[in-house]
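Some notes on the structure that comes next.
The values are calculated or read from the model by the stated rules, or taken from the named source; none is laboratory data. Only a predicted model underlies this, so the values are computations on that prediction, with no experimental measurement involved. Here the Cβ positions follow ideal geometry from the backbone for every residue, glycine too, while neighbour counts run over all protein chains shown. In case anyone asks, the SASA skips ligands and DNA or RNA and just uses the protein heavy atoms, side chains included. Shrake-Rupley method; radii C 1.70, N 1.55, O 1.52, S 1.80 Å.
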Amino acid sequence: MNEATIAALDRLDALRDALDGVALELSIAGADAARDARAAAVRQIDDYVQPRLAHLDAPLLAVVGGSTGAGKSTMVNALVGVPVTRTGVIRPTTRQPILLHAPADAAWFASQRILPGLARTTGVVREAPASEAGEAPDAARIGSVVLVADERVPAGLAILDAPDVDSIADENRALAAQLLAAADLWLFATTANRYADAVPWRLLDDAAARDITVGVVLNRVPPGAEDEVEADLRQMLGERGLGAAPVFVVPETALDERGMLPAERVAGIRGWLAGIAGDRAERARVAGRTLAGAADRLAVTARAVADARDEQLVTAADLRGTVDDAHRDAAARIADATKDGALLRGEVLARWQDFVGTSDVFRSIESWFSRTRDRVTAWFQGRPAPTIEVERELESGLHAVMVDEAERAAADAWQRIRHSAVGRELTAGSDLSHASGDLSERASRLVRDWQQGLVELISEQAAGKRTKARVMSLGLNVITVALMVVVFASTGGLTGGELAIAGGSAVVGQKLLETIFGEDAVRRLAAQARDDLERRVDALLAEEAARWDALLAPVEAGIGGDALRDAASELGAAMRAVEREPSGASRALERSDLVEGEAMDDPQEAAVPGEAEDVHELDAHPDGARGAGEHGGDEQGGHEHDRRAP
């Protein structure tokens with residue numbers, strides 16, 4: 001294996017990992033199609049692209065596909081010359097695909113080199129009519145493939161009879177699509193009555209997009225209609241970029257007593273397959289063309305998935321923005337409530353004014369300030385309250401505002417998210433319409449922590465001996481409460497008597513602090529205290545918004561669309577380097593280049609534990625697994641291969 005191929009395999013692995021890891025969680029427009037395309041691309045990498053790129057010299061796999069009742073199994077039996085796969089009118093007849101290969105090629109297919117997700121069983125041909133040939137339809141064994149070695153199959157090319165592409169069974173249709181995606185070339189069967197059906201043409205359109213080699217069998221054509229139907233079919237093929245595909249017309253023909261078509265009816269198909277199998281250069285061309293087309297198709301798929309991923313991230317960002325906006329708005333409302341004086345309403349003002357009007361602390365302030373104090377205290381009557389009561393009332397008010405606004409934010413975000421279908425699906429089974437159950441406790445802790453921060457702030461400011469002495473004589477609690485009042489005492493939200501009281505309270509508190517620290521220091525203290533509170537509130541609301549991470553993080557996790565596009569571009573460049581490698585095409589099918597012993601000279605050495613261990617009889621005469629001595633080993637002898645062709 002040359003360096004270019006090794007590099008391409010690395011790039012292929014990177015693209016596979018990127019496709020497999022991209023998140024498409026949201027059910028937005030196009031998401032289902034993108035998920036299906038991603039899964040199909042990953043499966044094709046595993047089933048075909050990686051093994052073909054790693055083993056360019058492996059035998060070709062020709063998959064026979066087509067619509068229900070197109071006669072695929074009858075055609076396969078005719079190609080081999082014995083009934084090996086079941087035919088009949090009961091649908092579906094082919095549930096477990098049968099892979100026919102030359103005995104010399106057994107190792108290539110007994111291992112998990114291609115179609116690693118399908119189990120292997122070994123079929124033994126026995127005598128029986130076509131209606132009883134092969135495996136009896138068994139849905140439980142849909143995930144396995146029967147391997148049949150027969151010398152009538154030319155070395156270098158295997159034939160696989162696939163289920164109907166339009167089967168009534170979902171699993172059959174899925175398996176048919178998987179097998180066709182793992183093929184080096186298609187032999188596509190249709191009938192004169194059904195060649196214009198939509199389902200087959202969707203698959204043929206995919207073949208054209210992948211640039212895969214296709215042979216089309218037009219089966220069961222009524223006598224006299226051959227030219228007309230073939231011309232129409234060829235025109236349709238040409239319009240879809242498949243004009244070069246050979247068309248094999250099989251007239252309506254009676255089957256013999258074993259349910260077999262006369263050999264001459266499939267002579268053209270047999271000759272086409274034999275010509276490919278017997279020509280090393282042609283096999284290399286077919287394999288290289290299909291591989292290049294598959295790689296190009298992977299790039300197209302990767303870009304489409306990348307676009308879908310970008311849409312997922314945009315939608316997730318919108319949902320995240322809705323949640324974050326609701327909680328940022330709540331934080332802003334809390335900040336406003338701490339600025340407009342609303343927290344100094346009612347009982348808080350009463351407690352503070354009782355304290356201001358009676359405390360000996362304020363008697364040392366200048367006489368002009370005392371007159372302002374007297375006017376303020378005239379609003380109050382009753383028993384003086386200690387400073388701790390003021391502190392508790394401030395705590396209670398701040399706590400209530402935070403809890404109320406957090407609840408409002410949760411309800412608002414929930415309602416806005418649930419307004420869209422994608423939001424309703426995202427939130428199915430969840431309930432984030434209320435704030436966290438422990439919000440009240442966390443809000444209380446926030447207030448206490450903020451107050452402790454004020455104490456530390458004041459202590460840092462009181463560094464000088466004189467300032468520290470004043471603070472100690474008054475008490476940290478008094479200074480802290482005064483600072484809280486100054487922070488909350490803007491009068492924007494108060495009216496009437498509350499306006500005068502709050503204004504006077506702020507003057508009293510600020511004057512006290514200025515007497516101790518100075519005017520500039522007080523302004524800094526108040527600004528720092530407010531900033532600290534707002535940071536803590538923002539963090540609290542951010543924690544509430546983060547509850548949506550459980551729903552949104554799986555959508556946001558993983559790579560973005562650009563990483564997928566880069567991986568696809570890098571694979572494309574690596575594949576072009578493989579195509580430019582001088583030794584690549586000329587030596588693509590040299591058996592001396594076999595890698596890792598997967599195609600050994602002795603087919604009996606190919607058995608891998610757990611692989612192809614079951615043996616089942618298939619229908620034919622006991623000697624059906626052996627030819628009539630017509631097998632030849634010289635690949636250069638075209639006529640010799642014609643005699644032993646399928």
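The stretch between residue 514 and residue 418 holds 29.4 nm of extra length on full extension. This uses 0.36 nm per residue minus the Cα-Cα distance. Heavy-atom accessible surface of residue 56, to the nearest 10 Å², is about 40 Å², with a 1.4 Å probe and all protein chains retained.
Only protein heavy atoms count here; on that basis, with a 1.4 Å probe, residue 419 has an accessible area of about 150 Å². For residue 151, the solvent-accessible surface computed with a 1.4 Å probe is close to 60 Å², ligands and nucleic acids excluded. Just check the stretch 1-88 against the gyration tensor rule for me: Cα atoms, a ≥ b ≥ c as the square roots of the eigenvalues, rounded for a/c under 1.5, and otherwise prolate or oblate depending on whether a/b exceeds b/c. Note, shape of the stretch 1-88 comes out oblate. When 324, 164, 10 are compared by accessible surface with a 1.4 Å probe, the order from highest to lowest is 10, 324, 164.
Ordered by 1.4 Å accessible area with all protein chains kept, 511, 72, 339 run largest first as 339, 511, 72. Bin by bin, in steps of 10 Å, what percent of the Cα pairs in the stretch 198-277 do you find, going until the bin that has the longest distance? Reading the bins upward from 0: 16, 42, 34, 7, 0.
Computed on the stretch 139-255, with alpha-carbon pairs under 8 angstrom and 6+ residues apart, the relative contact order is 21 percent. Take the Cα of residue 317, step 7 Å toward its Cβ, do the same at residue 292, and the gap between the two points is 3.9 nm.
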